[in-house]
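Read the structure below first, then the notes.
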Amino acid sequence: MITLLERLQTELDKYRWIPVSERLPEVFENIRHPCSKDVLLLTSNNGMHIGYYDKQKSWIIYGSREKPERYQALIACWKPIILPTEEKMVEEKNNDIL
């Protein structure tokens, strides 16, 4: 039986920073450009960015004018961007009204 503590730990694990040495984001095969979903990126010099990992095994960082090769060694950790579902937002809005 799963305890409350185990369920909470599972939920917390969804939001943790994942070292690139542990694993990389999953690359999805889509028609236009095979890549991961957008993720938050943390560099070894404490910079935070949004980007994705592509099929060519490169990090692509939005808004960057740098060549992708420059960031490959700097990316230390990543984590999924988890947005609340529409259901959750409506639920929270209803709770605010009460």
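Residues of the range 25-53 that are surrounded by 16 or more Cβ atoms within 10 Å (Cβ to Cβ) and either at pLDDT 85 or above or not in a loop (DSSP other than H, G, I, E, B) (or both): 25, 35, 39, 41, 42, 43, 49, 51, 52, 53.
Answer yes or no: is there a residue in the range 55-63 that is among the hydroxyl-bearing types (Ser, Thr, Tyr), touching a helix residue (DSSP H, G or I) at 6+ places or on another chain (Cβ under 7 Å) and either surrounded by 10 or more Cβ atoms within 10 Å (Cβ to Cβ) or at pLDDT 75 or above (or both). Yes, some residue in the range 55-63 is among the hydroxyl-bearing types (Ser, Thr, Tyr), touching a helix residue (DSSP H, G or I) at 6+ places or on another chain (Cβ under 7 Å) and either surrounded by 10 or more Cβ atoms within 10 Å (Cβ to Cβ) or at pLDDT 75 or above (or both).
Would you confirm whether or not the range 65-81 contains a residue that is modelled with pLDDT of 85 or more and either acidic (Asp, Glu) or in contact with a Cys (Cβ under 6 Å, 6 or more places away or on another chain) (or both)? Checked the range 65-81: no residue is modelled with pLDDT of 85 or more and either acidic (Asp, Glu) or in contact with a Cys (Cβ under 6 Å, 6 or more places away or on another chain) (or both).
The values are calculated or read from the model by the stated rules, or taken from the named source; none is laboratory data. Everything quoted here is computed from the prediction, not taken from an experiment. Backbone-built Cβ (ideal geometry, glycine too); neighbour counts: all protein chains shown.
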